[in-house]
Structures are given as structure tokens and as C-alpha cells.
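A short write-up of the structure that comes next.
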Ligand SMILES: NC(=O)c1ccc[n+]([C@@H]2O[C@H](COP(=O)([O-])OP(=O)(O)OC[C@H]3O[C@@H](n4cnc5c(N)ncnc54)[C@H](OP(=O)(O)O)[C@@H]3O)[C@@H](O)[C@H]2O)c1
């Protein structure tokens, strides 16, 4: 994999070397600090599709999955929308040997907590995501969530957190509620409807965007949906890596 940006010297640009998971974890380290840092990791086709036939996998690559795994490996919490959980068959995060020492040194548990955002709580609580995680899965919802579904989530072993006054979750409150539990290094894996709300609320600090060298045409969702912001939010590039034609970009909010 080559680092295209930032260019420190031309030799580095030309070198096409294998990056260890350690090197990737260093490259993607969260900034130091006490406050929350919300990073999104998404993949898009050249023509802006955020999924193909309901899945992001057809847009992805082996290296993309290595970076996906690395970003999980250094996160405290993975925040994900309920529809992505339903469509992509989410499983609990694994404890991976490659990140064990790094996580222990950072005071993190063996694997990131998965936090599912849902208003309806129409989730299959018999799935391993809820019944077999290393650390209990969190369900983020609003105060008006259906009481019997809250009870079902708890009975399955999930912990329910309220981050909104109505049925829905207030995205800024979700970030704050997770940070209050010490889950500062936050990673969202979408989907587009959830990511759009983090953008609109002004709480997305960083976007790790894989540009997949594919075109899909059709009417697939973009990586962020929902109502548009009044003024486009500006980001600046932090790094660009390349492997097999895929660009692994990272942008930070200005
Ligand atoms: N390109 C990528 O990197 C990428 C990443 C992830 C997913 N995807 C693709 O995106 C598609 C799914 O994404 P999506 O945008 O349709 O759905 P999503 O954002 O994953 O989930 C939407 C659901 O999340 C819950 N939700 C969202 N905002 C909420 C809020 N403020 N309060 C409470 N609940 C809230 C609701 O769940 P309830 O209905 O349960 O109330 C809502 O129906 C899939 O095709 C997946 O493959 C692509």
C-alpha cells in the first residue's frame, strides 16, 4: 500500500509496501484529549453509491476490510444504525490478538462495544450481537421507545441507553451519553441515514472514506442521507493511502 498524502518525501510515495496492522493502527490513532471524537468509516463507489443491492461488501476490498478491522480495533465503541444491523447481519466485535496490547495500554476492554441506534427497537434480540458479545451491546434509543421492546432488549443482555426525549435519538446527545460512560473513541459505521444526522448535528469529527474504483449506476443511497445542512460542512484531507486502485482517504472537520 502506498501513502499518497501527506507526501513526506518522494521515496515514500513510490514505495509500495505491506502495512502491518500495527502500522495501520498508528496511522489511524485517535487524537489525544478528554472529549469525544466521532469518526465515520464508509465506502463509496466512484459514482457515489454507498451500497450495492443492499450491502456495502460489493464495493469493498481485502485492504478495505483490514482498515475496517483496524478502526474497530482501536475504537471504544462502534455506533451503527438499526437498518445496517438488520441488513448486514451484524455480529459482536471480536477480541483480536493484534490489538490486545494496544487496547490494554489505552485502558480499553478487549473489544469495542457495539451501540445500535434504534427508535422502534425492532431488532432480533436472539442474535449473537445481543446474546453473546464480549461486552454487552448497547441500544441507544429515545425516552418514548416501546416499553416491551426495551424490556426485550434488556432480557437478552443488552443495555438500553436513552439519548432523546421522544422516540428518536438526538445525535449530539448520543455522542455525549457514550462519552459520559468513558467511550470517547467513537466510530460510526453508518448507515447513511444515521451518518447524515451526525453531520447535520455538527458532531462528526472525521470521515474515513474508501473510494472504491467501481461505478454502479442506479439509485443507491449516498453515504450520508436525510435533510441537507444549511451550509456545506468543510473537511480537510488528513491522509490518503492507495492499494489496488482503492483510495483510503481520511478527512477531518475544519
Ligand atoms: N457505504 C458504507 O460504508 C455503508 C455503511 C453502512 C451501511 N451501508 C448500507 O446502508 C444501508 C442501510 O443504511 P440506512 O441509511 O438505510 O439505515 P441506518 O442508518 O443503518 O439505520 C436507520 C435506522 O436506524 C435507526 N435510527 C436512525 N437514526 C435514528 C435516530 N435519530 N433515533 C433513533 N433511531 C434512529 C432507525 O431504526 P428503527 O427503524 O429500528 O427505529 C432507522 O430506521 C444498507 O444497505 C447498508 O449496506 C453502507
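Based on Cα contacts under 8 Å between residues 6+ apart, the chain shows a relative contact order of 27 percent. Comparing 61, 122, 15 in a Gaussian network model of the chain (Cα springs below 10 Å), the most mobile by mean-square fluctuation is 15.
The Cα center of segment 13-49 and the Cα center of segment 60-75 differ in position by 8 Å.
How far is helix 147-156 tilted, in degrees, relative to the longest principal axis of the Cα atoms in the chain, given as a value from 0 to 90 rounded to the nearest 10? The two axes meet at around 60 degrees. Using the Cβ-Cβ distance between residue 91 and residue 147 with R0 set to 30 Å, the FRET efficiency from 1/(1 + (r/R0)^6) comes to roughly 0.65. By the count of other C-beta atoms within 10 Å, a proxy for reagent exposure, 239, 118, 20 are ordered fewest to most as 20, 239, 118. In this label model, residue 2 and residue 104 are separated by 3.9 nm, measuring between points 7 Å along each Cα→Cβ vector. If you plug the beta carbon distance of residue 254 and residue 34 into 1/(1 + (r/R0)^6) with R0 = 25 Å, you get a FRET efficiency near 0.70. For residue 217 and residue 135, a Förster radius of 35 Å and the Cβ-Cβ distance give a FRET efficiency of 0.30, rounded to the nearest 0.05. Compared with the dominant Cα axis of the chain, that is its longest principal axis, helix 171-180 is turned about 90°.
Ordering 114, 74 from the fewest to the most neighbouring beta carbons within 10 Å gives 74, 114. Of 105, 217, 82, the residue with the greatest mean-square motion in the GNM of the chain, using alpha carbon springs below 10 Å, is 105.
In the elastic network of the chain, a GNM with C-alpha springs shorter than 10 Å, the most mobile of 79, 135, 229 is 229. Ranked by how many other Cβ atoms sit within 10 Å of their own Cβ, fewest first, the residues 85, 240 fall in the order 240, 85. Think of it as helices only: each DSSP H run of n ≥ 4 in the chain is worth -39500 (n - 2.57), and spread over all residues that comes to -8000 deg cm²/dmol at 222 nm.
In degrees from 0 to 90, rounded to the nearest 10, what is the angle of the helix 62-73 Cα long axis to the longest principal axis of the chain? On a 0 to 90 degree scale, this one is about 50. As a length-normalised measure over Cα pairs under 8 Å and 6 or more apart, the relative contact order of segment 181-239 settles at 49 percent.
Bear in mind these aren't lab numbers, they're just calculated from the coordinates by the rules spelled out. Because the structure is a prediction, the values reported are computed rather than measured. Note: ideal-geometry Cβ built from the backbone for every residue, glycine included; neighbour counts use all protein chains shown.
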